[in-house]
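This report refers to the structure that appears directly beneath it.
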Amino acid sequence: MKKLLYGLILSLLPIFAFAQDPAGFVVNYDACLECQGENCGAEIPIEFEGAAFIKVHLKQLFLPEEAVLEFWSGDKNKQYFVFSGPFSGSLYLPSLLGERCFLRLNGEGAKLSIDKVGIGIKEDFEKTPERVCGNDDRLDPACYDNNYRSAGDKVGRIMFEINGLLYYCSGFLVSNDGLFVTNQHCIQNQDAADSAEVWWKYENSTCGGSNASYDTVSSSADLIVTDAGTDISILKFKYDNPASRYGFLELDDRKLEKGEIIWIPQHPLGGPKKFAVHSDSDGGATVLEVGLKGVRVNQAIGYNLDVEGGSSGSPVLDSQNKVVAVHTFTAENKDCKDPDLNKGIKMQYLYPIIYPYLVSCNGNPPTITQIKYVVKERRFKLKGEGFMEDSVILVNGVAQSTHYKKDGSLVCAMFDRIWRGDTVSIEVFNPQSGCKSEKSYFTRR
């Protein structure tokens, strides 16, 4: 099946305003395949003239045990994947480079149906950057020693769908079981997480080269928690643990000082990985401000390290390669003059959100027996068992400012009001044991 790419693009672009141009768009596509008797081993070809890549969404895939789905790009030697049964459900397949791809089922009773296809727009990764301060000082990972490259391996390029368009951001691993952190303005909901695809070690093999390739891909994730107040989302991949291959970055929530050395591994414009280690505009790559406004007051640090669209969600690393912030905001003007700096949300604001998902329960979890919401004060009051002085209330998975009362109850003050008709999840987390209560739900009437 062959369809034309051009002419659809302009009509789709205004759907969603984002910090970068779309990487592609999604169109409806109707095709199905079933493996029965002589039909087993039949292929579905998909072709879009001018496409940079093709990303197939399966409305339904059914694979009995020992059945397999094979899919590959026009050049089978470059990209070839096998998805093995048993499986039943819907999913986005990893993107396949080029204008053509093929799908094939093997295994009696296996079947699939396609309902939409993502089509890539050919990118110019060498075009003039929009948020570079002074000269573009970013270089390929191959230009640096193993200390830098090893840290950079934990950072991946993420592609995802929002409202029918495909975009790029960056993100990084934070735990040995594969928790992945990026910005909330990138992954806003479970639909975006379902479409997520991360390329690992997507970079040029030589310093200053132009022969980029990637090592492995992780496709489709569960959204663990998302918080607009700090612009953070935490994902966990459904079918893969990339931390088993690349490790993870450590977090440091200490208070930062002006003049500290920092650097940023990133995927600008969704292109090959670059390291921002130097900055000619201020004589070094350092923290220039520590109390800038992020989403809220005083959340961000400021710097002149070079970034642009697609760099959102990158870790800001200190000299020990620990994550001290997450890059979120780019300077509005090219001169990057203070206070118009590139900015990242400080880890001291992000760590309370991430930490409950980094530890395993070693003890008895707390239990919630009563929930009361005080509208005027934007406060939850909880009664239950197993609460401690350092217990933290999580609302929709996000840690709140929590106080332990003498009667053993907990009170939390929230930034945001719960509107009439809204339902939120409530949990209590005990940091000492790493245990969380079962989720309770509250609906404001």
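In the set Val155, Val132, only one residue is modelled with pLDDT of 95 or more and either in contact with a Pro (Cβ under 6 Å, 6 or more places away or on another chain) or not charged (D, E, K, R) (or both); that residue is Val155. Candidates are the residues of segment 223-245 that are in a loop (DSSP other than H, G, I, E, B) and of a type in the set (Asp, Glu); the one that is surrounded by the most Cβ atoms within 10 Å (Cβ to Cβ) is Asp231.
Gly310 meets the stated requirement of being touching a strand residue (DSSP E or B) at 6+ places or on another chain (Cβ under 8 Å) and not charged (D, E, K, R). Between Ile261, Ile224, Ile232, the distinction of being closer than 17 Å to Met347 by Cβ, among the hydrophobic types (A, V, I, L, M, F, W, C) and either within 17 Å of the chain's Cα centre (by Cα) or not assigned by TED's automatic domain parsing to the domain that holds Ser312 (or both) belongs to Ile232 only. Of the residues making up segment 79-100, those that are touching a residue at least 24 places away in the same chain (Cβ under 8 Å), hydroxyl-bearing (Ser, Thr, Tyr) and either surrounded by fewer than 17 Cβ atoms within 10 Å (Cβ to Cβ) or not in a strand (DSSP E or B) (or both) are Ser88, Ser90, Ser95. Residues in segment 417-430 that are surrounded by 15 or more Cβ atoms within 10 Å (Cβ to Cβ) and in a loop (DSSP other than H, G, I, E, B): Ile418 only.
Inspect segment 265-284 for any residue being free of Cβ contacts under 8 Å to residues at least 40 places away in the same chain and touching a Ser or Thr at 6+ places or on another chain (Cβ under 9 Å) and give the result as yes or no. No, there is no match, as no residue in segment 265-284 is free of Cβ contacts under 8 Å to residues at least 40 places away in the same chain and touching a Ser or Thr at 6+ places or on another chain (Cβ under 9 Å). Selection of segment 398-421 for residues being out of contact with any strand residue (DSSP E or B) (no Cβ under 7 Å at 6 or more places or on another chain), farther than 17 Å from Gly229 by Cα and of a type in the set (D, E, K, R) yields Lys406, Asp407, Arg420. Identify, please: which residue in segment 182-230 is aromatic (Phe, Trp, Tyr) and out of contact with any His (no Cβ under 9 Å at 6 or more places or on another chain) and is, among those, nearest to Val359 (Cα to Cα)? Looking at residues that are aromatic (Phe, Trp, Tyr) and out of contact with any His (no Cβ under 9 Å at 6 or more places or on another chain), I get Trp200. Checked against (1) touching a residue at least 24 places away in the same chain (Cβ under 8 Å); (2) surrounded by fewer than 17 Cβ atoms within 10 Å (Cβ to Cβ); (3) within 33 Å of the chain's Cα centre (by Cα), Glu377 meets all criteria but (3). Looking only at residues of segment 45-78 that are surrounded by 14 or more Cβ atoms within 10 Å (Cβ to Cβ) and assigned to a loop (DSSP other than H, G, I, E, B), we find that the one that is modelled with the lowest pLDDT is Gly74.
Selection over segment 329-349 of residues that are under 21 Å from Asn135 (Cα atoms) and modelled with pLDDT of 90 or more gives a count of 2.
The values are calculated or read from the model by the stated rules, or taken from the named source; none is laboratory data. As the structure is a computational prediction, the values presented were derived from the model and not from experiment. When we count neighbours, we look across all protein chains shown, and the Cβ atoms used for this are built from the backbone with ideal geometry, even at glycine.
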